[in-house]
Amino acid sequence: MTKLSSYFSLAEMTTTSTGLNNTPNNQQLAILTNTAQAMDAVRKLLGSSIRVNSGFRSAAVNRKVGGSPTSAHALGYAVDFVCPAFGDPMAICRAIVASGIKFDQLIMEKNRWVHISFDPRMRQQVLSWWGGAYKSGLVGK
């Protein structure tokens, strides 16, 4: 098993149920390794195992799952995850915001999962999505 960081393997950061090839090229792998290392801080904060729903997405996988053509997943910067032992996605997002962990985007998605990206812009943008338009901040429906 290829480890990208203390807590995350290449297999879990490239998991897909599409059946399509999801192997990153060398540049994407370097970015994905940095993303996994940034996720280590999230894992330490939450104190429990994280289940990655979606990390890196090849162009074919991204198209198949209906991802944006400019998705941070397609570059290796983003991770969608849950951590049931810590709490629901809203609680996870609140903890990340309060922690001071640097990120580009943090999105609470329908209170089903957390999207976090580590794009170099590091905008600290916090959004909520319940379908339709994104809302600024961590807000309910």
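The values are calculated or read from the model by the stated rules, or taken from the named source; none is laboratory data. Predicted model, so just to flag it, every value in this text is computed and none were measured. All Cβ positions, even for glycine, are placed from backbone atoms using ideal geometry, and neighbour counts span all protein chains on display.
Brief remarks follow.
- Out of Ser54, Ser58, Ser9, sole residue that is in contact with a strand residue (DSSP E or B) (Cβ under 6 Å, 6 or more places away or on another chain), crowded, with 18+ Cβ neighbours inside 10 Å and either farther than 20 Å from Gly100 by Cα or at pLDDT below 95 (or both): Ser54
To keep it simple, each residue is scored yes or no on (1) of a type outside the set (A, V, I, L, M, F, W, C); (2) on the phi > 0 side of the Ramachandran plot; (3) within 14 Å of the chain's Cα centre (by Cα).
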site	(1), (2), (3)
Ala36	no, no, yes
Asp40	yes, no, yes
Ser58	yes, no, no
Pro84	yes, no, no
Gly137	yes, yes, no
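- Members of segment 69-118 that are over 21 Å from Phe8 (Cα atoms), touching an Asp or Glu at 6+ places or on another chain (Cβ under 8 Å) and buried (at least 18 other Cβ atoms within 10 Å of the Cβ): Glu109
- Answer from Val126, Val42 - the residue that is of a type outside the set (S, T, N, Q) and free of Cβ contacts under 8 Å to residues at least 60 places away in the same chain: Val126
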